[in-house]
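Just so you know, all these numbers are worked out from the coordinates, no wet-lab data involved. Because the structure is a prediction, the values reported are computed rather than measured. All Cβ positions, even for glycine, are placed from backbone atoms using ideal geometry, and neighbour counts span all protein chains on display.
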Amino acid sequence: MDSRPIGMFDSGFGGLTVARALIDLMPNEDLVYVGDTGRYPYGPRDLGEVREFALEITEHLLRTHNVKIVVVACNTASAAALEELQAVAPVPLIGVIEPGAAALLDATRNGRVGVIGTVGTIGSGAYQRVVAAYETDANLFCAACPGFVEFVERGETHSEQVHVLAERLLAPLVDAEIDSLLLGCTHYPFLARTISDVMGRDVVLVDSADATAFRVSEMLRETDSLRDANQGGGAHRFESSGDVEAFRSLGRQLLGPELDDVAAISWPDPGA
């Protein structure tokens with residue numbers, strides 16, 4: 001048994017979908033979540049810059065909280081930095097791209113699948129490479145969806161404006177007649193109703209959160225690192241590099257009562 005917490009991070013609120021899945025699947029585990037809202041969104045940023053952010057946050061989770069595993073609950077950060085993080089971190093690291101891609105391929109019936117994500121994630125080619133590695137006959141169609149993250153971060157998940165944006169951005173995937181669509185950004189499940197309305201009810205929406213949570217559970221079980229069930233419910237700590245009250249208010253709506261308090265964190269000034 002390893003009583004250290006699970007560490008995870010995202011550019012903001014999106015990773016709360018993964019946190020929700022982890023809490024539900026492993027209620028006895030302690031968890032530390034870092035929402036880097038002071039520097040979101042990651043999607044439009046240079047991948048090298050995102051890589052620096054990911055290394056900085058991972059170091060913080062290891063040094064400050066002594067976590068036993070790090071979950072990169074952000075597709076853009078996973079695409080930019082996962083391999084480098086795995087090479088240097090002394091604990092296991094897992095991203096959301098590979099578990100999500102595996103779940104997408106399991107869901108398809110006609111072999112025509114889609115992925116939507118940030119400009120950074122789609123432009124990185126990460127999903128294209130992972131799907132190709134499966135040596136499947138599936139045809140993959142990708143679309144970047146700039147603007148979706150910002151709507152979620154403002155709490156505007158059902159507005160007419162986001163519906164109009166979704167119709168424009170998802171049109172190529174509708175035309176491609178895909179039958180399964182991976183929400184390749186952890187913010188996007190909060191827009192699932194709008195995305196489903198645009199894509200049509202016959203298209204299966206795949207969320208990487210559950211697949212990632214199951215993979216984390218497997219990794220901890222394989223190393224005998226799961227906490228004992230008789231230890232009771234786990235403690236959950238949330239940290240934000242932006243407005244902590246805004247994070248607590250919106251985050252509580254998105255995650256639930258587990259998000260009770262938020263601690264402020266800050267990063268060293270690179271120019272200092």
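The magnitude of the dipole of the chain, with charges of +1 and -1 set on the Cβ of Lys/Arg and Asp/Glu and taken from the Cα centre, is near 60 debye. Each Lys or Arg adds one and each Asp or Glu subtracts one; over the other residues with Cβ under 11 Å from the Cβ of VAL204, this totals -2.
Spin-label model, ASP197 to ARG154: label points 7 Å out along the Cα-to-beta-carbon direction sit 1.7 nm apart.
For the stretch 68-144, applying the loop criterion from DSSP together with a ceiling of 16 other beta carbons within 10 Å to the trypsin sites (Lys or Arg not before Pro) yields ARG109. Rounded, prolate or oblate, given the Cα gyration tensor of the stretch 113-196, with a/c below 1.5 counting as rounded? Prolate shape, in that a/c is at least 1.5 and a/b is the bigger ratio. Structural descriptor for the stretch 92-234: relative contact order 32 percent, calculated from alpha carbon pairs under 8 angstrom and at least 6 residues apart. When TYR33, TYR188 are arranged by Cβ crowding within 10 Å, least crowded first, meaning fewest neighbours, the order is TYR188, TYR33. Among the DSSP helices (H) of the chain, those spanning at least 20 angstrom by Cα along their long axis with an average Kyte-Doolittle hydropathy of -1.0 or more are 47-65, 160-175, 208-222; this is a geometric and hydropathy rule only.
With the cut-off at 1.5 for a/c, could you classify the stretch 154-272 from its C-alpha gyration tensor as rounded, prolate or oblate? Note, shape of the stretch 154-272 comes out oblate. A simple spin-label model places pseudo-atoms 7 Å from Cα toward Cβ; at GLU222 and HIS163 they are separated by 4.5 nm.
Looking at the stretch 75-175, the chymotrypsin sites (Phe, Trp or Tyr not before Pro) that sit in a DSSP loop and have at most 15 other Cβ atoms within 10 Å of their own Cβ are TYR134. Hey, for a label at SER249 modelled as a point 7 Å past Cα toward Cβ, could you say which residues of the stretch 145-170 have their backbone N under 19 Å away? Within reach of a label on SER249, which here means backbone N under 19 Å from a point 7 Å along Cα→Cβ, the stretch 145-170 contributes 150-159. With the simple spin-label model, which puts each label point 7 Å out from Cα in the Cβ direction, the ASN66 to GLU84 separation comes to 2.9 nm. Rounded to 0.05, the FRET efficiency of the ASP106 and ASP269 pair, given R0 = 51 Å and the Cβ-Cβ distance, is 0.65. Shape of the stretch 54-202 from its Cα gyration tensor (a ≥ b ≥ c, root eigenvalues): rounded if a/c is under 1.5, otherwise prolate when a/b > b/c, or oblate? In terms of gyration-tensor shape, oblate.
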